[in-house]
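A.B. asks: Mind looking over this structure? Questions follow.
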Amino acid sequence: MRKRIAIFASGKGSNAENIIKYFKNNSLAEVVLVISNALNANVLLRAKHLDTQAVVITKEDLYHSETALQILKKEKIDWIILAGFLWIFPKTILDQYPNKVINIHPALLPKYGGKGMYGMYIHKAVVENREKETGITIHYVNEKYDEGKIIFQAKAEISATDTPESIAAKIHLLEQQHFPKVIEKLIITNESSPSLGGG
């Protein structure tokens with residue numbers, strides 16, 4: 001039985017699209033649902049074009065009722081992937097999906113993490129601080145921004161001529177290259193050792 005993945009995203013959805021396509025004809029898993037907290041998010045259009053169900057949730061749905069959790073349960077979701085989702089994730093859902101909620105962050109955590117650190121804000125800070133390298137971090141999600149256990153990191157060198165925009169392009173390539181493969185590996189590992197994945 002293929003595992004069922006839900007992707008939470010707030011913005012353009014390039015990572016979501018990449019993951020949906022990666023698992024389209026995969027015998028291990030499939031993306032069956034995209035959830036966004038933004039009514040006009042481009043990720044909703046991408047999902048539609050890829051024949052993937054998409055729904056919009058409110059803060060009320062996520063934090064003050066069981067609506068979001070009920071949607072996940074109704075769709076028999078096994079894994080939750082955050083791909084540019086900007087809200088803190090609620091304990092009520094995390095408790096139901098131990099070690100099954102994964103996020104990607106466009107920096108080498110623990111550097112440049114926390115509330116407000118996303119997208120170009122990170123890349124501008126990296127340039128201003130004259131960092132020599134940056135990268136991506138894939139990690140488990142907990143109740144705090146960017147503090148869950150690190151699963152995987154990939155690095156990119158920064159040159160003296162790099163701008164926030166050129167760094168963003170480097171990060172995008174790393175995300176596209178690694179994120180689906182890391183998800184796949186996690187699912188395989190979990191299948192062979194279910195006790196490691198929290199059931």
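Nothing in this text is a laboratory measurement; each read-out follows from the coordinates by a stated rule. Everything quoted here is computed from the prediction, not taken from an experiment. Counting neighbours? That spans all protein chains shown, and the Cβs are built from the backbone with ideal geometry, glycine included.
A.B. asks: If the reach is capped at under 17 angstrom between alpha carbons, list the aspartates and glutamates near residue 100, excluding any in the same chain fewer than eight residues apart.
C.D. replies: Candidates past the 8-residue exclusion: 30, 75, 78, 143, 146, 147, 184, 191.
A.B. asks: Do any of 21/48; 21/132; 24/76 go past 21 Å between their Cα atoms, and which? Numbers along the way, then the final one.
C.D. replies: Working: 21/48 13 Å; 21/132 33 Å; 24/76 18 Å.
Listed pairs above 21 Å: 21/132.
A.B. asks: Next question, about the same structure. Give, as a single signed number, the net charge of other residues whose beta carbon lies under 13 Å from the beta carbon of residue 169, with Lys and Arg counted +1 and Asp and Glu -1.
C.D. replies: Around residue 169, the charge tally is -2.
A.B. asks: So what is the relative contact order for the chain, in percent, with contacts set as C-alpha pairs under 8 Å and at least six apart?
C.D. replies: Relative contact order for the chain comes out at 19 percent.
A.B. asks: Now for a different question. Hey, how many Å between the Cα centroid of the range 98-160 and the Cα centroid of the range 53-78?
C.D. replies: 26
A.B. asks: From the Cα trace of the range 1-97, what convex hull volume per residue do you get, rounded to a whole Å³?
C.D. replies: Considering the Cα atoms of the range 1-97, their hull volume per residue is 82 Å³.
A.B. asks: Where the Cα atoms of the chain are projected onto their three principal axes, how long is each span, largest first, in whole Å?
C.D. replies: 50, 37, 32
A.B. asks: If the label point is 7 Å along Cα→Cβ of residue 70, which residues in the range 12-51 have backbone nitrogen under 18 Å from it?
C.D. replies: Only 35-36 fall inside the zone, counting backbone N under 18 Å.
A.B. asks: Counting only the backbone N, which residues of the range 67-109 are under 16 Å from the spot 7 Å out from the Cα of residue 185 toward its beta-carbon?
C.D. replies: Correct set: 102-105.
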